[in-house]
Amino acid sequence: MNIVVCVKYVPDATADRKFEDDYTVDRVGVDGLLSELDEYAVEQALQFREKREGEDITVTALTVGPEKAVDAVRKALQMGADSGVHVVDDAIAGSDYLGTSLVLAKAIEKVKADSGADLVLCGMASTDASGSVVPAMLAERLGMPQVTLASVIESQGDQVRIKRDNEGSTEVIGATLPIVLSVTDQSGEARYPSFKGIMAAKKKPLETWSLSDLGLDAEQVGLSVAYTQVEDTTARPPRTAGEIVTDEDGSGAGALVDFLASKKFI
Amino acid sequence: MSEVLVVIDHADGEVKKPTFELLTIARRLGEPSAVFFGSPEQGDAVAEKVKKYGAAKVYVVDDAQIKGYLVAPKAEALQQLAEKTSPAAILLPSTFENKEVAGRLAIKLGSGLITDAVDVADDGTTTQSVFAGNYTVQAKVTHGTPIITVKPNSAAPEEAEGAGTVEAFAATVSDAAKTAQIVATQPRQSTGRPELTEAAIVVSGGRGTGGNFEPVEGFADSLGAAVGASRAAVDSGWMPHAFQVGQTGKTVSPQLYVANGISGAIQHRAGMQTSKTIIAVNKDPEAPIFELVDFGVVGDLHTVLPAATEKVKERKG
Ligand SMILES: Cc1cc2nc3c(=O)[nH]c(=O)nc-3n(C[C@H](O)[C@H](O)[C@H](O)COP(=O)(O)OP(=O)(O)OC[C@H]3O[C@@H](n4cnc5c(N)ncnc54)[C@H](O)[C@@H]3O)c2cc1C
Ligand SMILES: Nc1ncnc2c1ncn2[C@@H]1O[C@H](COP(=O)(O)O)[C@@H](O)[C@H]1O
């Protein structure tokens, strides 16, 4: 069995994220890393393999992104994935969800043709785009059942059951492999790479694919053919400094309530 | 005028407020047609509600055959409805489920997709709040039927009389769409407080509560507010995940947000930074949350909040 885990290289959320002049996300000038939310997906892939001891399970980490995005795959290999794939091509830059999901789906199909893809694992959202749509789009393109936003995952044979929080309820979802599965940050803390893991990662197979390896043309993806167009980006004006009081002898509560009244909240 | 499909957000036939906001927005783009996935028996009552906000038509899609499955059947039904009506746009309330429906629909229709809009202008230009609320982005769908998911509190619902003509729509759902099965559903107990994402006021607690949410809840109730929590409070098991505000919880954009014992990490800000007025109570004057506030109290929430609760009650009489 082969598990493909989709990992995205994203600008660090704690850095000053910004846009390029063409309104695409600056993925080069700002420090990047493996999206923290995709670490949870890697962790669940590894646990899946570990729980099913005795079965021949391999984990392939897949990313679509610029040169530096290979770091996301490397981190996944350090955590314990067996092999990596980095899809990189200048023509992909600026792709929207339709373009990105197309490239990912083609790459997954290629992995599938080589070694199978019984489980496609994703994070719940990328920390830059926050769309939470790519897993569903992959399921649509690959014709696989989608089982998304799992907080608890159980599997037996080819059956997978998950628990998830929905708007007003908790749900149990069941499906038969192969599936596309996305996991939330409630699914369990991701492991840190060990020293041994970091050393071992250097010897693991890591392939680089371009669009032509996937049978795609430059005209099918990228900014110029995106189905959506960004017209402007504006930095939020800094909030004007608020009034801060220190609570001495119980004065804080009074000041707080006066403020609420002045703003007509009471 | 072209139709604009608006997917109704409801809980067992009870139409939720974001639906009225969406209908209001839809009127800028064309003539709203509401889409109800639910039981046909509830169709007429739902139509009565949505026609007050300008719905000319109400397509009722019987969900008996599809509600046991995840997302895919709804995308198929909407595809068929879109092919029949050639709408000017398709608007959905921005829930996780609807975003996934929208994603699949975008592929089926070959249409551009915009998620989590906080505004949509007459010409279809959307506004999104990105990078934890640090940037706003103006964008537009350039190919196909614009598919836009819109966040709660993005517009003030405005009434307008619509015909509200009910039309049953028989969708054909393929077996391939019925592969991920909802095996069990457990509704969450209602707290009796306003819904987090829809509330005008949200009062939240973090690690600084030390696990005692009573001061937070008491203050929330005095203001008629919803209660929220930071991830630290959720991870500690003090509050259920459904109350989490932030990147991996709910995004709220109320008139007033009160953060208590919350430091103001970027992932928390991502869920509350667009609130109109922000107040914080924190005993650390250096807490980053104070950079955001309109008003802040440096103090212990366990003394400030109960005292403030009393004073609010006194004022309200
Ligand atoms: C991928 C990812 C996703 C995340 N998603 C979210 C998310 O959705 N939501 C979220 O909230 N976080 C999220 N986080 C976590 C986030 O980074 C912070 O760890 C979290 O928000 C901290 O919660 P806190 O402010 O309650 O706790 P702390 O940071 O520990 O702050 C507690 C605060 O309480 C104050 N305090 C202590 N005692 C008192 C008292 N008696 N009275 C008043 N003040 C007191 C302290 O001074 C301190 O400022 C995410 C992190 C990651 C990596
Ligand atoms: N460029 C990418 N490369 C690899 N995986 C991705 C990429 N974009 C999105 N994903 C996967 O899809 C999930 C959801 O992304 P999004 O829909 O952008 O929020 C992420 O958590 C990843 O697992």
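The values are calculated or read from the model by the stated rules, or taken from the named source; none is laboratory data. In this text the structure is predicted, and so the values were computed from the model without any measurement. A quick note on method: Cβ atoms are made from the backbone with ideal geometry, for glycine too, and the neighbour counts reach across all protein chains shown. Accessible surface areas use protein heavy atoms only, side chains included; no ligands, DNA or RNA. Shrake-Rupley method; radii C 1.70, N 1.55, O 1.52, S 1.80 Å.
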(request) Within the range A:128-145, track down each residue that is within 12 Å of A:Ile179 (Cα to Cα), at the interface with chain B (Cβ under 7 Å from one of its Cβ atoms), in contact with a strand residue (DSSP E or B) (Cβ under 7 Å, 6 or more places away or on another chain) and not in a helix (DSSP H, G or I). (result) A:Pro145
(request) Scan the range B:269-303 for residues that are touching a residue at least 40 places away in the same chain (Cβ under 8 Å) and outside any strand (DSSP E or B) and report the count. (result) 9
(request) Out of A:Val230, A:Val221, A:Val225, report the one residue that is within 30 Å of A:Tyr40 (Cα to Cα) and touching a residue at least 40 places away in the same chain (Cβ under 8 Å). (result) A:Val221
(message) Please list, ordered by residue number, the strands (runs of 3 or more DSSP E) wholly in the range B:103-221 having 1 or more residues that are surrounded by fewer than 19 Cβ atoms within 10 Å (Cβ to Cβ) and facing chain A (nearest Cβ under 10 Å).
(response) B:126-130, B:135-141, B:181-187
(message) Can you say whether A:Asp128 is more than 26 Å from B:Gln267 (Cβ to Cβ) and surrounded by fewer than 23 Cβ atoms within 10 Å (Cβ to Cβ), as far as the supplied structure shows?
(response) no
(message) For the range A:117-127: of the residues being within 16 Å of ligand 2 (Cβ to nearest atom) and part of a loop (DSSP other than H, G, I, E, B), which is nearest to B:Thr185 (Cα to Cα)?
(response) A:Met124
(request) Scan A:Gly131, A:Gly168, A:Gly174 and give me the residue that is within 16 Å of ligand 1 (Cβ to nearest atom) and free of Cβ contacts under 8 Å to residues at least 60 places away in the same chain. (result) A:Gly131
(request) Take the residues in the range B:269-285 that are out of contact with any Phe, Trp or Tyr (no Cβ under 7 Å at 6 or more places or on another chain) and among the hydroxyl-bearing types (Ser, Thr, Tyr), then tell me which one is most open to solvent (accessible area, probe 1.4 Å). (result) B:Thr274
(request) Check B:Val293, B:Val298, B:Val281, B:Val234 and return the single one that is touching a His at 6+ places or on another chain (Cβ under 6 Å) and within 9 Å of chain A (Cβ to nearest Cβ). (result) B:Val234
(message) Residue under question is A:Thr234, and the condition is that it be open to solvent by 40 Å² or more (accessible area, probe 1.4 Å) and either closer than 20 Å to A:Tyr97 by Cα or facing chain B (nearest Cβ under 7 Å) (or both); does it hold?
(response) yes
(message) Quick check on my filter: what residues within the range B:61-94 are more than 23 Å from B:Asp116 (Cβ to Cβ), assigned to a strand (DSSP E or B) and open to solvent by less than 10 Å² (accessible area, probe 1.4 Å)?
(response) B:Val61
(message) Can you say whether A:Gly80 is open to solvent by 10 Å² or more (accessible area, probe 1.4 Å), small (Gly, Ala, Ser) and either within 16 Å of ligand 1 (Cβ to nearest atom) or over 22 Å from A:Ser224 (Cα atoms) (or both), as far as the supplied structure shows?
(response) yes
(request) Take A:Leu223 and decide whether it is surrounded by fewer than 19 Cβ atoms within 10 Å (Cβ to Cβ) and aliphatic (A, V, I, L, M). (result) yes
(message) I'd like to check which strands (runs of 3 or more DSSP E) are fully inside the range A:1-76 and have at least 2 residues that are closer than 19 Å to A:Ala139 by Cβ and within 12 Å of the chain's Cα centre (by Cα).
(response) A:2-6, A:58-64
(request) Would you check if there is a residue in the range B:245-268 being basic (Lys, Arg), assigned to a helix (DSSP H, G or I) and open to solvent by 20 Å² or more (accessible area, probe 1.4 Å)? (result) no
(request) Please find, within the range A:7-28, the residue that is most open to solvent (accessible area, probe 1.4 Å) out of those that are within 16 Å of ligand 1 (Cβ to nearest atom) and within 14 Å of chain B (Cβ to nearest Cβ). (result) A:Thr14
(request) Of the numbered conditions (1) open to solvent by less than 30 Å² (accessible area, probe 1.4 Å); (2) touching a strand residue (DSSP E or B) at 6+ places or on another chain (Cβ under 8 Å), A:Ala105 fails exactly one; give the number of that condition. (result) (2)
(request) Report, by residue number, each residue of the range A:172-181 that is at the interface with chain B (Cβ under 7 Å from one of its Cβ atoms) and surrounded by 17 or more Cβ atoms within 10 Å (Cβ to Cβ). (result) A:Ile173, A:Gly174, A:Ala175
(request) Within the range B:17-48, work out how many residues are in a strand (DSSP E or B) and touching a Ser or Thr at 6+ places or on another chain (Cβ under 6 Å). (result) 0
(request) Look through the range A:155-171, keep the residues that are open to solvent by 20 Å² or more (accessible area, probe 1.4 Å) and under 21 Å from A:Glu140 (Cα atoms), and return whichever of them is farthest from the other protein chains (Cβ to nearest Cβ). (result) A:Asp158
(message) Just to be sure before I move on: is A:Leu104 modelled with pLDDT of 95 or more, outside any loop (DSSP other than H, G, I, E, B) and under 15 Å from A:Val7 (Cβ atoms) in the structure I sent?
(response) yes
(message) On the basis of being in contact with a helix residue (DSSP H, G or I) (Cβ under 8 Å, 6 or more places away or on another chain), more than 30 Å from A:Met199 (Cα to Cα), within 16 Å of ligand 2 (Cβ to nearest atom) and at pLDDT below 95, does A:Ser132 make the cut?
(response) no
(request) Six or more apart or on different chains, Cβ under 6 Å: which pairs go from a residue in the range A:49-68 that's more than 14 Å from every other protein chain (Cβ to nearest Cβ) to one that's more than 16 Å from ligand 1 (Cβ to nearest atom) and part of a loop (DSSP other than H, G, I, E, B)? Could you list them? (result) A:Arg49/A:Ile57; A:Ile57/A:Met1; A:Thr58/A:Asp82; A:Val59/A:Ala81; A:Val59/A:Asp82; A:Ala61/A:Ala81; A:Pro66/A:Arg27
(message) Of all residues being away from ligand 1 (no atom under 11 Å from the Cβ) and open to solvent by 10 Å² or more (accessible area, probe 1.4 Å) in the range B:223-244, which is farthest from B:Val312 (Cα to Cα)? Just the residue, please.
(response) B:Gly237
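A quick yes/no check of all residues on (1) within 23 Å of the chain's Cα centre (by Cα); (2) within 30 Å of B:Leu81 (Cβ to Cβ); (3) at pLDDT 95 or above:
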{"residue": "B:Glu159", "(1), (2), (3)": "yes, yes, yes"}
{"residue": "B:Val166", "(1), (2), (3)": "no, yes, yes"}
{"residue": "B:Pro194", "(1), (2), (3)": "yes, no, no"}
{"residue": "B:Glu198", "(1), (2), (3)": "yes, yes, no"}
{"residue": "B:Ser204", "(1), (2), (3)": "yes, no, yes"}
{"residue": "B:Gly237", "(1), (2), (3)": "no, no, yes"}
{"residue": "B:Thr251", "(1), (2), (3)": "yes, yes, no"}
